[in-house]
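Presented below is the structure to which this report refers.
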Amino acid sequence: MVKIGILGVGTVGASVANILENNADILEARAGKKMVVKHGVVKNMGKERGVNITLSDNPMDIINDPEIDIVVELMGGVEEPYALVKKALENGKAVVTANKALLAYHRYELQEIAGDIPLMYEASTAGGIPIIGALRNGLASNHVESIQGIMNGTTNYMLTKMINEGALYDEILKEAQELGYAEADPTFDVGGFDASHKLLILASIAYGIDAKPEDILIEGIENITQTDVAFAKDFDYEIKLLGIAKKVERGVELRVHPTMIPSSSMIAKVDGVMNAVSVVGDCVGETMYYGAGAGGDATASAVIADIVDIVRGNHGPMLGYKKGLESDMELLFESEIVTHYYLRMSVDDKSGVLAKITNVLEKFDISIESMLQKPHKNEDVVKLLFTTHECQEEKIQAAMLELKKLDCVHGEIAMMRIEK
Ligand code: HSE
């Protein structure tokens, strides 16, 4: 019999305990051994958890229990779970974690500490979607050319409502929080940080890139307006908050930002709280993974899949490789990104303005692909919206700084990247 301890018996922890109990027959058949939860640890002993397991409030009751084989870490946070997971591994216990923030900051140290002891984390990225297993195992023969995904359900729900129903940002954020998907601090969702943690985990498996959230481009959905939404509709784009890892000649681009993507693409059709990840491999071509990115039972499904793999002796190296992987793959600077761009600015409605703007763009060798001018409530000012052909991030940023200095340009210039 395999004994399990759960650190953190919240929504996901309770689902793990209940599914292990309710689906014990198929799980034993699949794993070859019976698996039981021996103990759960919670911060607040006064709260009803809806589980039939012994609870206490001291993590050491699990970490130091010689009978416990597998520690499931579902506490959240970074440094406290890091210390506990480290201790559990040092005590020879296998660990399953759903903690994306922990891995975004400490995955390489944990890989080192774990060595041959299983440390699994399927639930950390895109909840119930088995994307970690797909990258580590199913796509092992591939050089990964790109990963592109909707990795945050809260923002996808918000964008879907803003685009389909014209809903206003603040109202819809409240609604998304009520769904129970949002992080305790929703700026983690809307600011793109949650998605960045997941992207970094996937990029480690695909490319062996050791980067932290601070090292990559992260932009949230806070500045998207109904003007952008209307432009996207007119030009057959959807707006999605994407996590993007892309291998280019000089290295790997890692970025999280709102992105205009063609409405005809598969990922553009992923609406509401659902997550989806597309992975392109050199052998397999494009593969696509879709499902619930959060929620108690969906996330527990991934946690238990890891437990089953550990019990079967089926775990492999934590990040999916035993020695350096594509060691020439360096993280590119933000300034090196090359893509298409959308710009929105308010400009004077008078002759010569477009010439001044195109002069600046010409200086930076930026070519306009499409353009739209919309009248403003204030009749002397119009909204000018355009997209560019491919250009380098450094040039678009420099051009935006110069455009802002023009007398005919008013207020901030909004920019969104486009992936075709
Ligand atoms: N806050 C996350 C989301 C939960 O909205 O997708 C899953 O990590």
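The values are calculated or read from the model by the stated rules, or taken from the named source; none is laboratory data. Computed from a predicted structure; not experimentally measured. As a convention, Cβ positions derive from the backbone with ideal geometry for all residues, glycine included, and neighbour counts pool all protein chains shown.
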Task: Enumeration of residues in segment 363-420 that are in a strand (DSSP E or B) and on the phi > 0 side of the Ramachandran plot - done: G411
- [ ] List every residue pair whose Cβ atoms sit under 7 Å apart, with the two residues 6 or more apart in sequence or on different chains, where the first one lies in segment 254-280 and is farther than 12 Å from E419 by Cβ and the second, anywhere, is of a type in the set (S, T, Y) and within 13 Å of the ligand (Cβ to nearest atom).
- [x] V256/S196; D271/T160; G272/Y157; G272/T160; V273/Y157; V273/Y181
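Conditions (1) within 16 Å of the ligand (Cβ to nearest atom); (2) more than 29 Å from F386 (Cα to Cα); (3) of a type in the set (K, R); (4) over 18 Å from the mean Cα position of the chain (by Cα), marked per residue:
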{"position": "D236", "(1), (2), (3), (4)": "no, no, no, yes"}
{"position": "L241", "(1), (2), (3), (4)": "yes, no, no, no"}
{"position": "V256", "(1), (2), (3), (4)": "yes, no, no, no"}
{"position": "M260", "(1), (2), (3), (4)": "no, no, no, no"}
{"position": "S264", "(1), (2), (3), (4)": "no, no, no, yes"}
{"position": "A268", "(1), (2), (3), (4)": "no, no, no, no"}
{"position": "S278", "(1), (2), (3), (4)": "no, no, no, no"}
{"position": "T287", "(1), (2), (3), (4)": "no, yes, no, no"}
{"position": "Y290", "(1), (2), (3), (4)": "yes, yes, no, no"}
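Restricting attention to helices (runs of 4 or more DSSP H) lying wholly within segment 164-247, give those where 2 or more residues are at pLDDT below 90.
By residue number, 169-178.
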Open item on the list: Given the condition surrounded by fewer than 23 Cβ atoms within 10 Å (Cβ to Cβ) and of a type in the set (D, E), answer yes or no: does some residue in segment 193-214 qualify?
Closed with: yes
TODO: Just name the residue that is surrounded by the fewest Cβ atoms within 10 Å (Cβ to Cβ) out of those in segment 26-38 that are at negative phi and among the small types (G, A, S).
DONE: A29
TODO: Report yes if A126 is away from the ligand (no atom under 16 Å from the Cβ), among the small types (G, A, S) and either buried (at least 18 other Cβ atoms within 10 Å of the Cβ) or touching a residue at least 12 places away in the same chain (Cβ under 8 Å) (or both), otherwise no.
DONE: no
Task: Selection from segment 215-267 of residues that are in contact with a Pro (Cβ under 8 Å, 6 or more places away or on another chain) and on the phi > 0 side of the Ramachandran plot - done: D236
TODO: Could you tell me whether I357 is closer than 28 Å to G243 by Cβ and either without any contact (Cβ under 8 Å) to a residue 24 or more places away in the chain or not in a strand (DSSP E or B) (or both)?
DONE: no
- [ ] For segment 190-234, enumerate the residues that are within 12 Å of the ligand (Cβ to nearest atom), touching an Asp or Glu at 6+ places or on another chain (Cβ under 9 Å) and more than 23 Å from Y342 (Cα to Cα).
- [x] D194
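From D236, D228, D215, grab the single residue that is touching a strand residue (DSSP E or B) at 6+ places or on another chain (Cβ under 8 Å) and within 17 Å of L103 (Cα to Cα). Break it down into steps so the answer makes sense when it comes.
On the way: D236 fails: within 17 Å of L103 (Cα to Cα); D228 fails: within 17 Å of L103 (Cα to Cα).
Of the residues listed, the single one that is touching a strand residue (DSSP E or B) at 6+ places or on another chain (Cβ under 8 Å) and within 17 Å of L103 (Cα to Cα) is D215.
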- [ ] Please find, among V78, V41, V85, the residue that is of a type in the set (A, V, I, L, M, F, W, C), touching a residue at least 12 places away in the same chain (Cβ under 8 Å), surrounded by 21 or more Cβ atoms within 10 Å (Cβ to Cβ) and out of contact with any Pro (no Cβ under 7 Å at 6 or more places or on another chain).
- [x] V85
Task: Filter pass, D380 being more than 30 Å from M35 (Cα to Cα) and either in contact (Cβ under 8 Å) with a residue 60 or more places away in the chain or out of contact with any Asp or Glu (no Cβ under 8 Å at 6 or more places or on another chain) (or both) - done: no
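Being touching a residue at least 12 places away in the same chain (Cβ under 8 Å), surrounded by fewer than 24 Cβ atoms within 10 Å (Cβ to Cβ) and aliphatic (A, V, I, L, M) narrows it down to one of A167, A140, so name that one.
A140
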Task: Qualifying positions in segment 380-397 - farther than 13 Å from R344 by Cα, surrounded by 19 or more Cβ atoms within 10 Å (Cβ to Cβ) and of a type outside the set (A, V, I, L, M, F, W, C) - done: E393
Task: Among (1) away from the ligand (no atom under 16 Å from the Cβ); (2) surrounded by 24 or more Cβ atoms within 10 Å (Cβ to Cβ); (3) in a strand (DSSP E or B); (4) in contact (Cβ under 8 Å) with a residue 40 or more places away in the chain - the single one G149 does not satisfy - done: (1)
TODO: Please determine, by comparing only the residues of segment 248-259 that are of a type in the set (D, E, K, R) and at pLDDT 95 or above, which one is farthest from M329 (Cα to Cα).
DONE: R255
Open item on the list: Every residue in segment 353-377 that is modelled with pLDDT of 95 or more and charged (D, E, K, R), please.
Closed with: K356, E362, K363, D365, E369
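Which residues, taken from segment 292-314, are assigned to a loop (DSSP other than H, G, I, E, B), within 16 Å of the ligand (Cβ to nearest atom) and under 15 Å from G133 (Cβ atoms)?
Listed by number, the list is empty, since nothing qualifies.
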